[in-house]
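Asks: Right, I'll just put the structure down here and ask away after.
The values are calculated or read from the model by the stated rules, or taken from the named source; none is laboratory data. Worth saying up front: this structure is predicted, and the values here are computed from it rather than measured.
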Amino acid sequence: MPYALFYHDAKLSKAYPTEADVWKQAQKSGLVVDTVSDEEKPAPRPVLDNDYEIKPCQPDPQEDPAQNKAEAERDAALEPVLSS
């Protein structure tokens, strides 16, 4: 079952083969923040900002989740790398 990024019940992203693929895209888009709870003080954990959710979904009829993943990986490889 593919996954996508949602805000409430509105699908905001393309469908991707795995939940991890959507997390990568959300991270790239700046939608992931690190948070620390009182129970988990040793290390922050990533969470989605502003009530976004990653949920299973049906891809749109013209959509191929594997192709979406391949396109995202190709785009990431073409992005310039900033050095410090």
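Asks: When Lys14 is evaluated against the numbered criteria (1) at pLDDT 90 or above; (2) assigned to a strand (DSSP E or B), which criterion, by number, is the only one it fails?
Replies: Condition (2) is where Lys14 drops out.
Asks: Still on this structure, I have one more. Keeping to region 27-70, report how many residues are modelled with pLDDT of 85 or more, of a type in the set (A, V, I, L, M), over 11 Å from the mean Cα position of the chain (by Cα) and not in a helix (DSSP H, G or I).
Replies: Residues flagged as modelled with pLDDT of 85 or more, of a type in the set (A, V, I, L, M), over 11 Å from the mean Cα position of the chain (by Cα) and not in a helix (DSSP H, G or I) within region 27-70 amount to 1.
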